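Visitor: This is the structure I want to talk about, given as structure tokens.
The values are calculated or read from the model by the stated rules, or taken from the named source; none is laboratory data. This structure is a prediction, so every number in the text was calculated from the model and none was measured. Heads up, the Cβs are rebuilt from the backbone with ideal geometry, glycines too, and the neighbour counts pull from every protein chain shown. To get the accessible areas, we keep the full protein, side chains included, count just its heavy atoms, and leave off ligands, DNA and RNA. Shrake-Rupley method; radii C 1.70, N 1.55, O 1.52, S 1.80 Å.
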Amino acid sequence: MTQVTTAGRPLSATQAATRRRLLEGARDLATEGGYEAVSMRAVAERAGVSAPTAYQYFASRDHVLVEVLTDLAAGTTSIVTARPSRRRDPVERTVATLRRVVQRMEEEPTLFVALLRAFLSGAPEVRDSRAGMQSSMREWVDSALGPAEVSDREAMVSILEAVLLTGLVSLVMGDNSPSDIGDDLERAVRLLLPPSTGS
């Protein structure tokens, strides 16, 4: 079992529970009112702790929101890898898997726009958390490709990851919807992956 840490320090069971309540409070606030509804004071109040206590776990609003995003991304990774698409055609399997990833955003768009605003903020305290999210995106794409034979798999993963990230930026800017991201990913997959020649 992975031990929960903060600022590189392991947490006791009580501290881990407090951290979890803070994450849940931030998620609830972002779901209800978006990015602007989240403040460290409001998160602390939702979690039933003082603001100074909340700051012992998270340095800022962006920090706690990106940690929420990282948790959700890890959950998506577990779902995608544990229950891979059964479609035999590599193009259709890749498209189906990437659309499953985007589906979560379609279900809770207000929440994900808030989380992605924090992810894209550039705040130094979220650097490590951003790395975790980027790792998750790479895992989604790699899992989507599955056993497909690709001449340059690393390049394929990088390109599809870039399409996904571009879509996330456009979502935050209000220029895209989650379904648009799914459409862009599907177009990219169909352009990049050769069609199956099997029966």
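Visitor: Would you calculate, for the chain, the mean residue ellipticity at 222 nm contributed by helices, counting each DSSP H stretch of 4 or more residues as -39,500 (n - 2.57) and dividing by all residues, to the nearest 500?
Guide: Details: 9 runs with 140 residues, N = 199.
The helix contribution divided over the chain gives -23000 deg cm²/dmol.
Visitor: Could you give the DSSP H helices of the chain that reach 18 angstrom or more along their long axis (alpha carbon positions) and whose average Kyte-Doolittle hydropathy is no lower than -0.5?
Guide: Details: long enough: 13-33 (30 Å, -0.69); 61-82 (32 Å, 0.72); 90-107 (26 Å, -0.59); 127-145 (28 Å, -0.87); 153-173 (30 Å, 1.60); 178-192 (21 Å, -0.26).
Counting only whole DSSP H runs, the qualifying helices are 61-82, 153-173, 178-192.
Visitor: Given a cut-off of under 8 Å on Cα pairs at least six residues apart, what relative contact order in percent is computed for segment 63-152? Intermediate results must be reported in sequence, preceding the final value.
Guide: On the way: 69 pairs, mean separation 46.8, N = 90.
Relative contact order comes out at 52 percent.
Visitor: Would you mind calculating the relative contact order of segment 10-52 from Cα pairs under 8 angstrom and at least 6 residues apart, reporting the percent as a whole number? Mind dumping the intermediate values first?
Guide: Working: 27 pairs, mean separation 15.7, N = 43.
The normalised contact order for segment 10-52 reaches 37 percent.
Visitor: Let me ask something else. Tell me, which longest segment in the chain has none of the trypsin sites (Lys or Arg not before Pro) that fall in DSSP loops with at most 10 further Cβ atoms within 10 Å? Please list the in-between numbers first.
Guide: Numbers: sites that count: R86, R88.
Counting only loop sites that pass the neighbour cut-off, the longest clear stretch is 89-199.
Visitor: Would you indicate which of (i) 26, 21, 16; (ii) 34, 18, 14; (iii) 23, 22, 17 is the value of semi-axes √(5λ) of the Cα gyration tensor in Å derived from the coordinates of this structure?
Guide: (ii)
Visitor: Assuming a ≥ b ≥ c are the square roots of the Cα gyration tensor eigenvalues, decide whether segment 116-165 counts as rounded (a/c under 1.5), prolate (otherwise, with a/b larger than b/c) or oblate.
Guide: On the way: a/c = 3.14, a/b = 2.71, b/c = 1.16.
Prolate is the answer for segment 116-165, as a/c is 1.5 or above and a/b outweighs b/c.
Visitor: Keeping all protein chains in place, calculate the accessible area per residue for the chain (probe 1.4 angstrom), answer in Å². Show your work: numbers first, answer last.
Guide: Numbers: 10360 Å² over 199 residues.
The answer is 52 Å² per residue.
Visitor: Continuing with this model, one more query. Modelled label-to-label distance, T110 and S39, 7 Å Cα→beta-carbon offset: nm?
Guide: It works out to 1.9 nm between the two label points.
Visitor: Related question: Return the carbon/sulfur percentage of the accessible area of segment 59-139, one whole number, probe 1.4 Å, all protein chains in place.
Guide: Details: 1770 of 3700 Å².
Of the solvent-accessible surface of segment 59-139, carbon and sulfur hold 48 percent.
Visitor: Under the definition of Cα pairs under 8 Å and six or more residues apart, what whole-number percent is the relative contact order of the chain?
Guide: 23 percent
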